[in-house]
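*Asks:* Okay, handing you the structure first.
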Amino acid sequence: MSKVPIVICANLLIGLLSLIPQAVSANVGTAVFCPNNFQEGTDTNNEIILSRATCAYIRDMLAAKYGGCYDSFDANCTVERYVSILSTLKTSFNKAVVFSKGHRGYPYWNASPPNWNHMSLLSNNGAPVIDNVHILPYTSTKNVFTFIWHCETAEKYPAGALNPDSYGYYGMPYCWTTAMDPLMYPYATSGIRVYLGWWDGSPQFEYTANGMWNFAHVAYLFWYFMCGGATVNEALNYIAQTVYGVQYFSQTPLWWWLIAFGNVSLTLP
Amino acid sequence: MNSQLTKVCARAIILLIVFYLIGCFSYAFATQSAAQEKAIGFVEKVLPLDLTKYNLTLTRYQKIMGPSDLAWFTSEVVEFTLDSKESTLVVTCTVQNNILISCNMIAKKGPVISDRQYVNLVEGVKTFLERYQTFTKVDSNDMISMLSGLDITKDLSITAGNIKFTLSTVNNFGTEILQFKWVYTVNGVEYTSLQVGFQKNGLFDSFYDNRLLYSIGDTTVNVSREQAIDIAIKYSETYSYTMPDGSQIRGFNITKDQSKAKLVAYPINSTVLRPYWHVELLLNQTYPGSVVGLTIFIWANSGEVFHCSNIAYGGIDYSDTGNLDWESPLASPSSSPQDNTSTISMGVLTITVIMLLVIGATIVRLSIKRK
């Protein structure tokens, strides 16, 4: 028997072994949450299919770039999973990249006193992932790149960081980034982090953005472009040209709807 | 006999892998080179830069493939960094269907070293367009002539024949840009466009041109706005969508007076532009699936509906969510332990481990055979 196959196998083995440290060297931790929500019929069947597929694309792109990506989809996407993954990102990595797609809730709307400052992300079973309870304690300045595709996730900032209410700090931009000093400004070009969220309602993925492009495509293009080394402003201008046929992001309906707080000149870490 | 067969198979597989890899690399190289050539040509022949002062380095190449339902879409991004003692520039070009459609330039450090001086900004734009016309060989004289005597201190809009020109100040993430935009229009519908942006200090910022990317098809408009809305409402009576439990949602109540329709000509699965009505029907309530409206596209010449999708948002209307099935909104997770058993979705690691197992097993098997 020739030694050639053994030599080839051995070389392949050495090559593959060298990949392992890269895959597990955990400098940047990434996570994609997709709590498709079946409560009260909040998502259509098509929306669920699109969300799963698009979030899987995004997870795979991040996994390819960083050698791994935590994911939590469907029934797995509980409050506890949000907390545990965020805790791991905080304690085991130097920087964190997070994408979450789903619905927004008001956790204290029927509490005493009722409160409309605080918001939550709805987990798969409808239980709220509350801004100051389940997110803020498990994030830090390490959360340098965050995109929360739920309703109103660009609101209550900086008010919720500067003037906490009786329940505590509030608003997703602050709770995901802990950015208070310095504050993040919309579409700014300085700072160490960037946070993207929606002012008012976030479009469902099945919603047509323009022509044949829906918002699932918008999310896909954004992350595809980012994972290739682009900056946030380049990615947003690319979407403006590709999806809307205009030169600049400020000329699209997304301007001041999809708000990027912090430094839009940043690439993924 | 068996041994010989194994040898032949092993060699065939190795050869196949080698040929496959060579094929992949040469395809990627050829594609990259074509896009790169376009981009370099643009930088050298059109941009107002003194390239004798810069070292040009390719710093990024990315091919963007459309998702599975838009598999026809591809675009390539080519980024160069231009370095000199005094300044650093980043130039990013996008190539689609082998056509350069956009380019933007960012001064990362120091002043931009230009190869020429202009009397004013309009002259700068004019020279840019003349050089761009030579580069693309697309006649842009009608557009260039619209710059004559232009007052750039105020926004304006001029139409000459089928070309609508607008000058406006646009915000590009904090930088004020003077945008010169020419759009080819027929019966008020906008088709292809050339858009050029300069900073107010005269620096080139970016351009976008889809005139070569798209062709213009039948521009006939036989359907009026009112007719389009009526067709859309009629269509909505037959439209339904499915919920996760399999139930069909249909029978929508439309708020007609809030319906919107605009006549547009964006590409629809083709590079041929045709006018269609983009109609948005608002519903009188939120339907299951958070659906508040319908988007319906109707060809403007035939009145045929060719697209219908839901308008929906990700919020929860709290007027009707009192029975959301959660335990307690105040339940604290602070005792939740850190997840040490998280299953990290490691594509690379999983594949690596599987391959290691296969290779390991092969080596063991081969070693046993040799003995």
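The values are calculated or read from the model by the stated rules, or taken from the named source; none is laboratory data. All values reported here derive from a predicted model rather than from experimental measurement. We place every Cβ from the backbone using ideal geometry, glycine too, and count neighbours over all the protein chains shown.
*Asks:* Among B:S302, B:S328, B:S270, B:S342, which is the only one that is closer than 30 Å to A:P114 by Cα and either more than 9 Å from chain A (Cβ to nearest Cβ) or modelled with pLDDT under 65 (or both)?
*Replies:* Working: B:S302 fails: closer than 30 Å to A:P114 by Cα; B:S270 fails: closer than 30 Å to A:P114 by Cα; B:S342 fails: closer than 30 Å to A:P114 by Cα.
After applying the criteria, what remains is B:S328.
*Asks:* Considering every residue within region A:77-97, establish whether at least one is more than 8 Å from every other protein chain (Cβ to nearest Cβ), buried (at least 23 other Cβ atoms within 10 Å of the Cβ) and polar (S, T, N, Q).
*Replies:* no
*Asks:* Determine which member of the set A:A161, A:A188 is in contact (Cβ under 8 Å) with a residue 40 or more places away in the chain, of a type outside the set (S, T, N, Q), within 30 Å of B:T175 (Cβ to Cβ) and out of contact with any Cys (no Cβ under 6 Å at 6 or more places or on another chain). Steps first, please.
*Replies:* Values: A:A161 fails: in contact (Cβ under 8 Å) with a residue 40 or more places away in the chain.
Sole residue among the options that is in contact (Cβ under 8 Å) with a residue 40 or more places away in the chain, of a type outside the set (S, T, N, Q), within 30 Å of B:T175 (Cβ to Cβ) and out of contact with any Cys (no Cβ under 6 Å at 6 or more places or on another chain): A:A188.
*Asks:* I've got another one for you. Does B:N310 count as of a type outside the set (S, T, Y), buried (at least 18 other Cβ atoms within 10 Å of the Cβ) and part of a strand (DSSP E or B)?
*Replies:* On the way: of a type outside the set (S, T, Y): yes; buried (at least 18 other Cβ atoms within 10 Å of the Cβ): yes; part of a strand (DSSP E or B): yes.
Yes.
*Asks:* In this structure, does A:S140 turn out to be hydroxyl-bearing (S, T, Y) and under 29 Å from B:F73 (Cα atoms)? Spell out the reasoning first.
*Replies:* Numbers: hydroxyl-bearing (S, T, Y): yes; under 29 Å from B:F73 (Cα atoms): no.
So A:S140 does not fit the description; no.
*Asks:* Still on this structure, please answer the following. Would you mind stating whether B:N253 is modelled with pLDDT of 95 or more, under 29 Å from the mean Cα position of the chain (by Cα) and surrounded by fewer than 18 Cβ atoms within 10 Å (Cβ to Cβ)? Can you show your working first?
*Replies:* Details: modelled with pLDDT of 95 or more: yes; under 29 Å from the mean Cα position of the chain (by Cα): no; surrounded by fewer than 18 Cβ atoms within 10 Å (Cβ to Cβ): yes.
No, not satisfied.
*Asks:* Additional query: Note down all Cβ pairs under 6 Å where the first residue falls in region A:37-54 and is outside any helix (DSSP H, G or I), the second is of a type in the set (F, W, Y) and modelled with pLDDT of 95 or more, and they're at least six residues apart or on different chains.
*Replies:* Correct list of pairs: A:T44/B:Y241.
*Asks:* Please find, among A:N110, A:N132, A:N117, the residue that is more than 10 Å from every other protein chain (Cβ to nearest Cβ) and part of a loop (DSSP other than H, G, I, E, B).
*Replies:* Values: A:N110 fails: more than 10 Å from every other protein chain (Cβ to nearest Cβ); A:N132 fails: part of a loop (DSSP other than H, G, I, E, B).
Exactly one of A:N110, A:N132, A:N117 is more than 10 Å from every other protein chain (Cβ to nearest Cβ) and part of a loop (DSSP other than H, G, I, E, B), namely A:N117.
*Asks:* Does region A:231-238 contain at least one residue that is closer than 27 Å to B:V291 by Cα, at pLDDT 95 or above and touching a His at 6+ places or on another chain (Cβ under 9 Å)? Explain how you work it out, then say what you get.
*Replies:* Quick first cut of region A:231-238, residues closer than 27 Å to B:V291 by Cα only: A:236.
Next, from what is left, pick out any that are at pLDDT 95 or above: A:236.
Going one step further and asking which of them are touching a His at 6+ places or on another chain (Cβ under 9 Å), we end up with none.
So far as region A:231-238 goes, no, none of its residues is closer than 27 Å to B:V291 by Cα, at pLDDT 95 or above and touching a His at 6+ places or on another chain (Cβ under 9 Å).
*Asks:* Regarding B:G202, is this residue in a loop (DSSP other than H, G, I, E, B), in contact (Cβ under 8 Å) with a residue 12 or more places away in the chain and either within 14 Å of chain A (Cβ to nearest Cβ) or over 27 Å from the mean Cα position of the chain (by Cα) (or both)? Quick ask: steps written out before the conclusion?
*Replies:* Working: in a loop (DSSP other than H, G, I, E, B): yes; in contact (Cβ under 8 Å) with a residue 12 or more places away in the chain: yes; either within 14 Å of chain A (Cβ to nearest Cβ) or over 27 Å from the mean Cα position of the chain (by Cα) (or both): yes.
So B:G202 fits the description; yes.
*Asks:* Could you please find all residues in region B:123-166 being surrounded by fewer than 14 Cβ atoms within 10 Å (Cβ to Cβ), within 22 Å of B:T185 (Cβ to Cβ) and touching a residue at least 40 places away in the same chain (Cβ under 8 Å)?
*Replies:* Scanning region B:123-166 gives a single hit, B:V138.
*Asks:* I'd like the residue in region B:256-277 that is hydrophobic (A, V, I, L, M, F, W, C) and out of contact with any helix residue (DSSP H, G or I) (no Cβ under 7 Å at 6 or more places or on another chain) and, out of all such residues, is surrounded by the fewest Cβ atoms within 10 Å (Cβ to Cβ). Working first, answer last.
*Replies:* Initial filter on region B:256-277 (hydrophobic (A, V, I, L, M, F, W, C)): B:261, B:263-265, B:268, B:272-273, B:277.
Those still in the list that are out of contact with any helix residue (DSSP H, G or I) (no Cβ under 7 Å at 6 or more places or on another chain) too: B:263-265, B:268, B:272-273.
Numbers: B:L263: 19, B:V264: 18, B:A265: 24, B:I268: 15, B:V272: 13, B:L273: 25.
Top of the filtered list is B:V272.
*Asks:* Please verify whether A:L196 is surrounded by 20 or more Cβ atoms within 10 Å (Cβ to Cβ), assigned to a strand (DSSP E or B) and more than 9 Å from chain B (Cβ to nearest Cβ), treating the condition exactly as stated.
*Replies:* Values: surrounded by 20 or more Cβ atoms within 10 Å (Cβ to Cβ): yes; assigned to a strand (DSSP E or B): yes; more than 9 Å from chain B (Cβ to nearest Cβ): yes.
Against the criterion (surrounded by 20 or more Cβ atoms within 10 Å (Cβ to Cβ), assigned to a strand (DSSP E or B) and more than 9 Å from chain B (Cβ to nearest Cβ)), A:L196 qualifies.
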